[in-house]
Ligand SMILES: Nc1ncnc2c1ncn2[C@@H]1O[C@H](COP(=O)(O)OP(=O)(O)O)[C@@H](O)[C@H]1O
Ligand SMILES: [Mg+2]
């Protein structure tokens, strides 16, 4: 899909205006605090999910104003479409002249893959960050998946609460057997879905990372799960059950469950060394970019539309070759890149430079 133009009124520090975009690369440049991220954020609100900055509605409205209005013209499903958002304490959304009951009605109509500096947690953060990434990505493909997670977390909390109780309780063993059975059945479904997703992601990530690093480096992904039997939920459940049984003593001593998808991790390595422990800042950035773009490519395979790519503040710390890849070799993608350094833009072969100063577009 292609964002053709946006009109903003009373949106954060942006002055009211219409901004046309190029079909390929759009580089938004300007000093700190001028409104680059604000502009990217306004486009991304049309994906129907919350601001990638996690902002509340009131924060989106220009200080001193009562409402904010955004209009996006985009091309998707072989036609030009119009979306609008009026933001007060809530969001009123319209698509092609039809009122939607909520902004979430945009989900799947206009899609973006967003990279912001916070996403670096995917490499730098703990395993929970990587599980969150996988779970969010899988949820877009399998609408029933979030329910499975809720169910698993409920069983896990109950099992943990039960472990903390006295072992001498009547029927303790029998009750624990039931929790183990439920936990391993639900847990195995989650682990298998994640493992399958990672295996689907691998090829794309490798290909994109190869492009970003100009073939200088190799990325590898592995879903780390001690009891996984690939492609068999039943056998995985059986293996998890066995793990739970053999670690019952330590689980009881610690009052928590040491095995299950809540402990799994996604290993990310550059040239066979853990990205978290060994990769440079720029290599880490490249890993996250490759993961995000590969996620978008899988969505495109599933739904037939390629999301736009929004890359906020990624250029710093990337070397010239990597910058060149993002600006000139993302063929078939509409890309929005923000950057501070005017020299970066010199490397742009074609596409559009949008310079922003004090919330206004400088022509
Ligand atoms: N609701 C708002 N009303 C007015 N100005 C705002 C609002 N929200 C943010 N700003 C201003 O926007 C600027 C930050 O813009 P931002 O897009 O984050 O900058 P950058 O170009 O560095 O990405 C700050 O000067 C901030 O004060
Ligand atoms: Mg910014």
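Throughout, read-outs are computed from the coordinates displayed, never taken from laboratory work. Quick caveat: nothing in here was measured; it's all calculated off a predicted structure. Here Cβ is always computed from backbone atoms with ideal geometry, including for glycine, and neighbour counts include all displayed protein chains.
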Exercise for review: Sticking with the crude label model, points 7 Å out along Cα→Cβ, report the distance from residue 67 to residue 181 in nm, one decimal please.
Suggested key: 5.8
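At 222 nm, what helix-only mean residue ellipticity would the chain give, in deg cm²/dmol to the nearest 500, using -39500 (n - 2.57) for each DSSP H run of four or more? Mind dumping the intermediate values first?
Details: 12 runs with 153 residues, N = 363.
Taken over the chain, the calculation gives -13500 deg cm²/dmol.
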Revision key, fill the gap. Relative to the chain, whose Cα atoms define the longest principal axis, helix 145-163 and its Cα axis are tilted in degrees, nearest 10, by 40
Review point. Roughly what % of DSSP beta bridges within the chain run antiparallel, to the nearest 5?
Key: 70
Exercise for review: Give me the number: length gained by fully extending residue 331 to residue 210, i.e. 0.36 nm times residue separation minus the C-alpha to C-alpha distance, one decimal in nm.
Suggested key: 42.1 nm
Exercise for review: Calculate, in whole percent, how much of the Cα-Cα pair population of the range 142-290 lies beyond 24 Å.
Suggested key: 44
Exercise for review: Report the FRET efficiency, 1/(1 + (r/R0)^6), for residue 147 and residue 23, where r is their Cβ-Cβ distance and R0 is 56 Å, rounded to 0.05.
Suggested key: 0.90
Check your understanding: So how tilted is helix 233-246 from the main axis of the chain? Cα-based, degrees 0 to 90, rounded to 10.
Key -> 60
Exercise for review: Report, in whole Å, the centroid distance computed from the Cα atoms of the range 1-68 and the range 118-139.
Suggested key: 25
